[in-house]
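Report on one structure; see the data block that follows.
The values are calculated or read from the model by the stated rules, or taken from the named source; none is laboratory data. Remember, it's a predicted structure, so these values are computed and weren't measured experimentally. Every residue, glycine among them, receives a Cβ derived from its backbone with ideal geometry; neighbour counts consider all protein chains shown.
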Amino acid sequence: MTIAVIIITAILAFAIAKKDEKTDPPGMFSLNMPVNGSVIENPKDIVLMWSESPEATGYSVFVREIGTEEPIVKIESIKETRCRISLEPEKDYEWTVFSFNPYGVKPPSVAPFRFTTRNSNK
């Protein structure tokens with residue numbers, strides 16, 4: 001076998017292998033719970049849930065108090081489509097999630113969801 005044939009064979013094998021690899025950014029997904037406009041009675045035990053994003057390898061979760069810029073909850077890399085957090089009562093918050101993989105980042109298909117926490121001890 002000549003060197004040219006070996007090189008061409010290697011190039012074709014590489015091209016076929018690359019064709020089978022997924023190189024798409026994550027797909028669409030949505031926020032589920034707590035729904036936009038919710039009132040949370042137990043702010044010490046809040047579960048955030050979102051739908052699965054096709055091709056995602058992980059998610060980043062952000063929660064901020066309304067009227068502030070910086071998130072007070074920032075989870076940079078989580079594999080599940082839910083997480084449990086604890087917040088302060090009697091405040092307004094908004095939350096969002098971004099899905100990611102090595103080929104891109106995808107925001108949810110909706111704007112951040114807002115919710116209000118109440119004092120469950122009242």
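One residue alone among VAL35, VAL39, VAL5 is of a type in the set (A, V, I, L, M), under 20 Å from the mean Cα position of the chain (by Cα) and either surrounded by fewer than 16 Cβ atoms within 10 Å (Cβ to Cβ) or at pLDDT 95 or above (or both), and that residue is VAL35. Residues in the stretch 56-70 that are within 19 Å of PHE29 (Cβ to Cβ) and either surrounded by fewer than 17 Cβ atoms within 10 Å (Cβ to Cβ) or among the β-branched types (Val, Ile, Thr) (or both): THR57, GLY58, SER60, VAL61, VAL63.
The condition of being at pLDDT 95 or above and exposed (fewer than 13 other Cβ atoms within 10 Å of the Cβ) holds for only one of GLU94, GLU90, that being GLU90. Residues in the stretch 86-111 that are of a type in the set (Val, Ile, Thr) and either more than 30 Å from ASP24 (Cβ to Cβ) or under 9 Å from the mean Cα position of the chain (by Cα) (or both): THR96, VAL97, VAL105. Within the stretch 97-109, the residues that satisfy the criterion of being surrounded by fewer than 19 Cβ atoms within 10 Å (Cβ to Cβ) and either within 21 Å of GLY67 (Cβ to Cβ) or small (Gly, Ala, Ser) (or both) are GLY104, SER109. Among the conditions (1) free of Cβ contacts under 8 Å to residues at least 40 places away in the same chain; (2) closer than 13 Å to LEU31 by Cα, ARG114 misses just one, which is (1).
For every residue, the table says whether it meets (1) assigned to a strand (DSSP E or B); (2) under 18 Å from VAL47 (Cα atoms).
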| residue | (1), (2) |
| --- | --- |
| GLU80 | no, yes |
| ARG84 | yes, yes |
| PRO89 | no, yes |
| TYR93 | yes, yes |
| VAL97 | yes, yes |
| PHE100 | yes, no |
| SER109 | no, no |
| PHE115 | yes, yes |
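Scanning the stretch 56-77 for residues that are under 10 Å from PHE100 (Cα atoms) and either modelled with pLDDT under 95 or aromatic (Phe, Trp, Tyr) (or both) yields a count of 2.
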